[in-house]
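As structure tokens, the structure follows; a few thoughts come after it.
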Amino acid sequence: MPHPATPAGSDPPVGDRPRLLVTAGPTWEPVDEVRFLGNRSSGRMGLEIARAAHESDLPVTLLLGPGVADPHVGTGPSEPHAIRFQTAAELDARLRECWPAHDLLVMAAAVADHRPIRRPGDPPKRRRRDGPVTIDLEPVPDLLAGLADIPHPGTRVGFALEPAGELETSAREKLGRKRLHAIIANPLETMDAADVDGRLLLPDGHERRPPSSPCSKAAFADWLVPTLVRIHRSRTG
Ligand code: CTP
């Protein structure tokens with residue numbers, strides 16, 4: 001039987017099965033009451049990771065972004081536990097609530113780098129007749145880096161989607177800057193694509209790759225989940 005991960009502050013890990021927290025999909029940052037800035041993330045990689053963890057009988061909580069229809073996640077007791085978010089601020093709040101009750105975080109969500117600054121008195125709907133519109137953007141905090149400040153023995157894993165020519169350098173820089181235990185480096189072309197050509201970079205300079213690559217996102221997730229569980233176990237003894 002699958003074991004859904006429990007909400008924040010509740011049960012300890014069940015046996016040696018790490019509890020996974022997986023994020024998937026884009027963020028939508030409101031411009032006004034009817035429009036948003038989003039990105040092209042399909043959410044498929046994160047969904048496949050949640051599915052693979054669930055099928056391995058690991059407790060899993062999925063934080064799922066807007067506009068992602070999920071074939072795997074429903075409301076039945078045998079489905080992974082899914083919680084929806086829209087904005088980066090909502091995702092940050094859900095992460096901070098959930099992370100203490102999990103052991104392994106896989107951050108596949110495509111979080112906005114910038115969001116519109118909304119000021120008091122802004123119209124609820126910007127109208128065409130008002131002429132050209134300027135939208136000021138502010139940087140979004142780095143959610144993953146922020147989680148490293150929370151005392152927690154767990155394993156934090158990020159994604160880096162980078163132009164192929166600078167994949168390794170940029171992904172390794174993010175691995176260090178975000179204080180991660182591993183990062184999945186993917187060429188930029190992966191976004192919204194059916195297949196993935198990813199590898200897992202570790203802080204000691206080593207890397208792991210799936211047995212055949214490129215491969216489907218499902219096959220990548222089936223390889224990734226047990227690989228991350230082994231890394232988590234070897235870190236935490
Ligand atoms: N991420 C995050 N918070 C952000 C942006 C990204 O937690 N505001 C996470 C993503 O979920 C991903 C990892 O950080 O796991 C790398 O995301 P990426 O967009 O590649 O990195 P950035 O920090 O945005 O760096 P850059 O703008 O230089 O690409």
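The values are calculated or read from the model by the stated rules, or taken from the named source; none is laboratory data. Everything numeric here is computed off the predicted structure, so don't read it as measured data. Here the Cβ positions follow ideal geometry from the backbone for every residue, glycine too, while neighbour counts run over all protein chains shown. To get the accessible areas, we keep the full protein, side chains included, count just its heavy atoms, and leave off ligands, DNA and RNA. Shrake-Rupley method; radii C 1.70, N 1.55, O 1.52, S 1.80 Å.
Per-structure values
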| item | result |
| --- | --- |
| Segment 101-122, residues that are more than 16 Å from the ligand (Cβ to nearest atom) and buried (at least 16 other Cβ atoms within 10 Å of the Cβ) | Ala101, Asp103 |
| Tabulated pairs, segment 103-115, first farther than 25 Å from Ile231 by Cα, second open to solvent by 20 Å² or more (accessible area, probe 1.4 Å) and more than 9 Å from the ligand (Cβ to nearest atom), C-beta under 6 angstrom, 6+ apart or interchain | His114/Leu137 |
| Any hit, segment 127-138, residues being within 12 Å of the ligand (Cβ to nearest atom) and at pLDDT 95 or above | yes |
| Qualifying residue in segment 76-85 (condition: open to solvent by less than 20 Å² (accessible area, probe 1.4 Å) and away from the ligand (no atom under 15 Å from the Cβ)) | yes |
| Matching entry among Ile184, Ile135, Ile150 (being among the aliphatic types (A, V, I, L, M), in contact with a strand residue (DSSP E or B) (Cβ under 9 Å, 6 or more places away or on another chain) and under 27 Å from Arg19 (Cα atoms)) | Ile184 |
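Residues are listed down the side, and each one gets a yes or a no for (1) touching a Pro at 6+ places or on another chain (Cβ under 9 Å); (2) of a type in the set (Phe, Trp, Tyr); (3) under 22 Å from Arg19 (Cα atoms):
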site	(1), (2), (3)
Gly198	yes, no, no
His206	no, no, no
Arg209	no, no, no
Ser213	no, no, no
Ile231	no, no, yes
